[in-house]
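Trainee: Sharing a structure below in structure tokens format, with a few things to ask.
The values are calculated or read from the model by the stated rules, or taken from the named source; none is laboratory data. Keep in mind that this is a model prediction, so the values were computed, not measured. Cβ placement follows ideal geometry from the backbone for every residue including glycine, while neighbour counts extend to all protein chains displayed. All accessible areas refer to the heavy atoms of the entire protein, side chains included, with ligands and DNA or RNA removed. Shrake-Rupley method; radii C 1.70, N 1.55, O 1.52, S 1.80 Å.
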Amino acid sequence: FRSHLFYLTKGYIHVKVDAPVVTLSPDKSSIDITISVSEGDSFKVNKVDVGGDLLFEKDELLALVELQPGKVFDYMLMQRDSNKLSDKYKDLGYANATVSNSHVANVDDQTVDFTYIIQKGQKVHIGRIDIKGNDTTRDKVIRRVMKIYEGDLYSSTLLKKSRQMIMRMGFFESVDITTDPGANEKLIDVTVKIKERQTGTFQVGAGFSSLESFIATAQISKQNFMGHGQTMSI
């Protein structure tokens, strides 16, 4: 799969990579692995277009696209372009927006005409927001830093920003946000799964001073004290 993907990033849109053939040496001390590759020609991009459900001007959508005419066709760029286009629609509430593609290969000059096809689906709102894994931290502490709330129009960008804001609190090792179908087709539920980290420290020290003789110090601090998102230090 990796070798196939590698060729697709270099313009070889017709590449074929056969399954490995493993043979044992006559003395049975080693094996030979043979992978047959049919490269075909490397194609450049001739024309890029967008179609389907267009809610924006074509120029505005094409400004997001990295796969430009004259470049060698690159599958990874195509994937990034598809994600950017779908996110633009998802920020308008179209949580199920999809971007497929069609292409026409011009064999004579080894170029390809490429079209991104957008299907927007229907707008959806946020149904329930469930928070899991917060054994210490209270729900309201997490919810108050999120950028999206129950009842809001779905937004892919605001969900990503919500994850960033939760991680920025410094109380968690990991934060994963997933979505599932809601109570009806116009709702989508959000699950925030977190893993809390240790937030307490205890320090002791000792020293000697000609004025005060022996000195002993101790400090205890706790971030996210009692799950309220506050820091206590004594």
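Trainee: Looking at Gln110, Gln119, can you tell me which residue is under 19 Å from Asp87 (Cα atoms) and in contact (Cβ under 8 Å) with a residue 40 or more places away in the chain? Walk me through it before giving the result.
Mentor: Details: Gln110 fails: under 19 Å from Asp87 (Cα atoms).
Within the list Gln110, Gln119, the selection yields Gln119.
Trainee: If you check Val192, Val204, Val175, which single one turns out to be among the aliphatic types (A, V, I, L, M) and open to solvent by 90 Å² or more (accessible area, probe 1.4 Å)? Lay out the reasoning, then the answer.
Mentor: On the way: Val192 fails: open to solvent by 90 Å² or more (accessible area, probe 1.4 Å); Val175 fails: open to solvent by 90 Å² or more (accessible area, probe 1.4 Å).
None of the other options fit; the residue is Val204.
Trainee: While we're on this one: Cβ-Cβ below 6 Å, separation at least six or inter-chain, first residue in segment 46-68 and touching a residue at least 12 places away in the same chain (Cβ under 8 Å), second among the aromatic types (Phe, Trp, Tyr): which pairs?
Mentor: Every condition considered, the pairs that remain are Val48/Phe114; Val50/Tyr116.
Trainee: Pick from segment 119-144 the residues that are among the hydrophobic types (A, V, I, L, M, F, W, C) and more than 20 Å from the chain's Cα centre (by Cα): which of them is farthest from Met78 (Cα to Cα)? So that I can check it myself, show each step before the final result.
Mentor: Restricting attention to segment 119-144, the residues satisfying the condition of being among the hydrophobic types (A, V, I, L, M, F, W, C) are 124, 126, 129, 131, 141-142.
If we keep only those that are more than 20 Å from the chain's Cα centre (by Cα) as well, we get 124, 141-142.
Numbers: Val124: 27, Val141: 39, Ile142: 36 Å.
Ranking the qualifying residues of segment 119-144, first place goes to Val141.
Trainee: Next question. With respect to Gln119, is the statement that it is of a type outside the set (Gly, Ala, Ser) and at positive phi true? I'd like the intermediate steps shown before the answer.
Mentor: Working: of a type outside the set (Gly, Ala, Ser): yes; at positive phi: no.
No.
Trainee: Could you identify the single residue in Gln198, Gln203, Gln219, Gln164 that is modelled with pLDDT under 90 and not in a strand (DSSP E or B)?
Mentor: Numbers: Gln203 fails: not in a strand (DSSP E or B); Gln219 fails: not in a strand (DSSP E or B); Gln164 fails: modelled with pLDDT under 90.
Criteria check complete, one pass: Gln198.
Trainee: Read through the list (1) open to solvent by less than 40 Å² (accessible area, probe 1.4 Å); (2) more than 21 Å from Gly93 (Cβ to Cβ); (3) out of contact with any Asp or Glu (no Cβ under 6 Å at 6 or more places or on another chain), then give the number of the only condition that Ser162 fails.
Mentor: The one condition Ser162 does not meet is (2).
Trainee: Filtering segment 136-158 down to residues that are in a helix (DSSP H, G or I) and out of contact with any helix residue (DSSP H, G or I) (no Cβ under 9 Å at 6 or more places or on another chain), which residue is surrounded by the most Cβ atoms within 10 Å (Cβ to Cβ)? Walk me through it before giving the result.
Mentor: So in segment 136-158, the residues in a helix (DSSP H, G or I) come out as 139-143, 156-158.
Among the residues that remain, those that are also out of contact with any helix residue (DSSP H, G or I) (no Cβ under 9 Å at 6 or more places or on another chain) are: 139-140, 143, 158.
Numbers: Asp139: 13, Lys140: 11, Arg143: 16, Leu158: 18.
This residue is Leu158.
Trainee: Among the candidates Asp49, Asp87, which residue alone is touching an Asp or Glu at 6+ places or on another chain (Cβ under 9 Å), under 18 Å from Thr115 (Cα atoms) and acidic (Asp, Glu)? Break it down into steps so the answer makes sense when it comes.
Mentor: Working: Asp87 fails: touching an Asp or Glu at 6+ places or on another chain (Cβ under 9 Å).
On inspection, the qualifying residue turns out to be Asp49.
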